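Below: the structure, in structure tokens.
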Amino acid sequence: MKHKAQILDKEGIRRALTRIAHEIIERNKGTDGLALIGIRRRGVPLAERLAAKIREIEGSNVPVGTLDITLYRDDLTTMDQQPLVHRTEVSFPVSDKKIVLVDDVIYTGRTIRAALDAIMDLGRPRVIQLAVLIDRGHRELPIRADYVGKNVPTSRREVVAVRLQETDGEERVLILEKD
């Protein structure tokens, strides 16, 4: 992969998450009944950061869960090796909650479809909204994000690489090009 461009730095990520937190609070008229669920891997620290921003703004704690979608993927049978399954950790009831599903990048929409199936196995939320740091287009399913940090038009030869301190030891979003 060849480095093509940096589209967000540490401050850009912080600003995008602050804006998304404000939008979540505004759309939901506060935090009553609100919960965040991050999709493993990078959606989890993003959900935790959003919960911290919401606490900073509103002064109330919003529960955060972790969702592993491995067994819900539609490409599971095409994987060469045994998938590594992690635990889903949602310590609150999802039924009748306003759930904000959080991920780093939305691309085809297939990851989000799998996450919706996984959440519905946990209960019946009042509403499910989607927050993503990057929307790169190229949807294959009729799924869209409610909250977007940055829209980045890309080609199919490009890869959007989100790097977070918690998972990668650095803070930035890059566009890489396949050789």
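The values are calculated or read from the model by the stated rules, or taken from the named source; none is laboratory data. Remember, it's a predicted structure, so these values are computed and weren't measured experimentally. A quick note on method: Cβ atoms are made from the backbone with ideal geometry, for glycine too, and the neighbour counts reach across all protein chains shown. Please note that ligands, DNA and RNA were not included when accessible areas were found on the heavy atoms of the full protein model with its side chains. Shrake-Rupley method; radii C 1.70, N 1.55, O 1.52, S 1.80 Å.
Counting only residues that are part of a helix (DSSP H, G or I) and open to solvent by less than 60 Å² (accessible area, probe 1.4 Å), which one in the stretch 111-133 is nearest to T31 (Cα to Cα)? Ranking the qualifying residues of the stretch 111-133, first place goes to I119. Here L176 clears all of (1) under 18 Å from the mean Cα position of the chain (by Cα); (2) open to solvent by less than 50 Å² (accessible area, probe 1.4 Å) except the condition numbered (1). Among the strands (runs of 3 or more DSSP E) confined to the stretch 1-77, the ones with at least 2 residues that are of a type in the set (G, A, S) are located at 34-39.
Look through the stretch 147-171, keep the residues that are out of contact with any helix residue (DSSP H, G or I) (no Cβ under 7 Å at 6 or more places or on another chain), of a type in the set (D, E, K, R) and crowded, with 16+ Cβ neighbours inside 10 Å, and return whichever of them is farthest from T108 (Cα to Cα). Selected residue: R163.
This table checks each residue for (1) at pLDDT below 95; (2) more than 15 Å from the chain's Cα centre (by Cα); (3) surrounded by 11 or more Cβ atoms within 10 Å (Cβ to Cβ).
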{"residue": "I13", "(1), (2), (3)": "no, no, yes"}
{"residue": "I20", "(1), (2), (3)": "no, no, yes"}
{"residue": "T31", "(1), (2), (3)": "no, yes, yes"}
{"residue": "A35", "(1), (2), (3)": "no, no, yes"}
{"residue": "G43", "(1), (2), (3)": "no, no, yes"}
{"residue": "R49", "(1), (2), (3)": "no, no, yes"}
{"residue": "L71", "(1), (2), (3)": "yes, yes, yes"}
{"residue": "M79", "(1), (2), (3)": "yes, yes, no"}
